[in-house]
Amino acid sequence: MVHALIDGVLTGSVYALMATGLTLIFGVMEIINVAQGIFVILGAYLSYYLQLHFGIDLFAGLLITIPTMFVVGIVVQRLFLARLKGPEKTAMSILVTYAISLVIEGILNIAFTVNNVQLNTSYTNKSFQVFGVYIPYIYFMGFLLAIVLLSGLYYMLYRTRFGASIRASLADQSAAALVGIDVKKVSTICFGIGIAVTAAGGMVFGATNAFNASTSYDLISRLLTIIVLGGMGSLAGALVAGIAMVTLEDLVGAIWSPVWSTMAFFVVLVVVLSFRPQGLFGQQSARAA
Amino acid sequence: MSNAEFVTFSGVFAGYGGGDVLKDVAFSVPQGGITTIVGPNGSGKSTLLKTVSGLVRPRLGQIMFKGQNLVGKSAREILNLGVVQVPQNHSLFREMTVEENVALGAFLVKDKKVVASRLANLKEMFPIVAQRANDKAGSLSGGQQRLVEFARCLMLEPDLVVLDEPSMGLDPKTLKIMFQTVKMMNEAGRTVLLVEQNARQALKMSDYGVVLENGHVRLSGSGNDVLNHPEIGALYLGGGAQTKKEGQA
């Protein structure tokens, strides 16, 4: 049980990182990016490619993959999502990002085939012992990576001028424009950041799970569940819900049966939404103005 | 106040895609005073203010401010020229603190010392900003939020302050404070362009009044002229024109 708890927190933090990108995109742009799952897998494949062909370490490779995914995010936002306007914007964004997801999935299947791969290095199969519990190095390093990136993200959001402009845009785009915030620019950069974090999330996911392009469907269902539970657009909600959901899943698997662990994930969602339709940290009327 | 024309609307047509709300609007806002726009619901008052702040782009016409045409400029460019707007709906960022909200009013000012100095001045001018600096803006009452919005709009030290129905939803006591604050902003050197549902009260303190009707300027003149106009009083000010004595009170 202790092992399940530790594993849940370590893995949950990585999910929280990926979900933070998703909720940031929704919060600022009102876009539901169902392509987030395939972007995570794309990030994983980028790390795989750099390691396989250039021998670049998984963590060192993030210096290349994170900026690359940021640029991919900017291009996708400018080409496809910036054009979405009006009351149908959010609904249309599901269709547009699903189409993007299918295209990327097709390209990945052609480039890497449908066979499962997993990222392997000297430290992915090693572990260390704490209080009698074996913790794989890759889980712990992934956890540290998520903490560092989330801390950086939170520092940017709460301690910088640009962060203030993001939070203002999250709250009310018209009011943000009235104080001089360039909401279009903020939206583009936020989408870039939201996709950039998938490079890190994808690398850790790929080092702890076998994957192919279609793994993205399981991922996006989990990520969407996390941000709905945490409250759409809430960064704190994504963090808490990410860790809570994966920890719960692992605990149910350890105490009861792994068969029920995924179901527990969704039962919690249904129960919470019955009492708080806006999610744990969401605000019912936050976007009414 | 000076009589120099500060903002000049000429031949302005604007709307939201389903036809023009404003039809050939033309009038001038004198420098240094308070100009109040009155008129029935749907006459285009709020749309007119949105054309000034860049939220609605006119289809035709010119809005000249300090020698520059505001038509076609972005909200950000217009802010940079010294025009700020406090919209009709509360526009504070509810999850941010009062101080963060006010500081964001100077988002375009990059010098942190200047921002800090202006913030300190506004804390003196608006005690609510100092008293509730670290509270979330969403926890304030409607009247308090309105005062914080006023403080925020002054962070840019604007030349023109555009206020869209600032008294909306306020109780009578807060309403009085709100009008006093508008007067105070004006006395501090800001030209104020105001749309107000409490038309009689607003016109009393205004140097200039404009009556909009179906997107046209029906009448313009001094605040007292509009207030005492027999037809306007009956139609839009809740009764007939006041006696001369009342009108000048």
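The values are calculated or read from the model by the stated rules, or taken from the named source; none is laboratory data. The shown structure was predicted, so the numbers you read here are calculated from the model rather than taken from an experiment. Positions of Cβ are backbone-derived with ideal geometry, glycine not excepted, and every protein chain shown enters the neighbour counts. Ligands, DNA and RNA are stripped out before the accessible areas are found, and what is left, the full protein with its side chains, is counted by its heavy atoms. Shrake-Rupley method; radii C 1.70, N 1.55, O 1.52, S 1.80 Å.
Numbers at a glance
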quantity	calculated
Rounded Å value of the spacing that divides the Cα centres of segment A:173-199 and segment B:6-48	32
Size of electric dipole in segment B:5-248: Cβ of Lys, Arg +1 and of Asp, Glu -1, about Cα centre, debye, nearest 20	300
Cα-based shape type of segment A:28-180, given that a ≥ b ≥ c are square roots of the gyration tensor eigenvalues and the cut on a/c is 1.5	oblate
Positive-end residue, segment B:5-248 charge dipole about Cα centroid, Cβ charges, pick of B:G169, B:I128, B:A202	B:I128
Selected from A:A238, A:A196, A:A91 as most flexible by GNM, with chain A as the system and alpha-carbon contacts under 10 Å	A:A91
Bins of 5 Å, starting at 0 and running to the largest distance - Cα pair percent for segment B:130-176	5, 18, 27, 23, 19, 7, 0
Hull shadow area, averaged, the protein assembly as shown [alpha-carbon convex hull, nm²]	28.8
Compactness relative to 2.2 N^0.38 Å, alpha carbon Rg of segment B:5-248	1.00
Pairwise burial B:A, computed as accessible area of each alone minus the pair, summed, 1.4 Å, Å²	1600
P(r) histogram, all alpha-carbon pairs of chain A included - 5 Å bins from 0, percent	1, 6, 12, 17, 19, 17, 13, 8, 4, 2, 0, 0
Volume per residue of the C-alpha convex hull in segment A:1-40, rounded to whole Å³	69
Accessible-area composition of segment B:5-248, carbon plus sulfur, in percent [1.4 Å probe]	48
Carbon + sulfur, % of accessible area of segment A:2-275 - ligands and nucleic acids excluded, 1.4 Å	70
Interchain or long-range residues, amide H under 5 Å from B:D20's placed H	none
Dipole-positive endmost among A:A91, B:V211, A:T262 within the protein assembly as shown (Cβ charges, Cα centre)	B:V211
B:S10/A:K85 FRET efficiency (R0 30 Å; Cβ-Cβ; nearest 0.05)	0.50
Segment B:113-170-segment A:230-289 distance, computed between alpha-carbon centres (Å)	37
A:N120/A:F266 FRET efficiency (R0 41 Å; Cβ-Cβ; nearest 0.05)	0.80
Calculated FRET efficiency for the pair B:K110/A:Y217, C-beta based, R₀ 45 Å, to 0.05	0.50
Accessible area in square angstrom per residue, the protein assembly as shown, 1.4 angstrom probe	43
Positive minus negative residues near B:D111 (Lys, Arg vs Asp, Glu; Cβ under 14 Å)	+4
Percentage relative contact order, chain B, counting C-alpha pairs under 8 Å, at least six apart	24
Alpha-carbon centroid distance for the pair segment B:53-102 / segment A:71-107, whole angstrom	30
Segment A:149-205: relative contact order in percent, alpha carbon pairs under 8 Å with at least 6 residues between	18
Net charge over other residues, Cβ less than 15 angstrom from the Cβ of B:G215 (K, R count +1; D, E count -1)	+2
List of segment B:82-97 residues, accessible area with partners at least 50 Å² below that of the chain alone (1.4 Å probe)	B:F93, B:M96
Percentage relative contact order, segment A:2-275, counting C-alpha pairs under 8 Å, at least six apart	41
Cα gyration tensor, segment A:143-267 - rounded (a/c under 1.5), prolate or oblate	prolate
For segment B:114-233, fraction of C-alpha pairs farther apart than 20 Å, in %	48
Highest average packing first - A:4-15, B:31-42, A:77-88, Cβ atoms within 10 Å	A:4-15, B:31-42, A:77-88
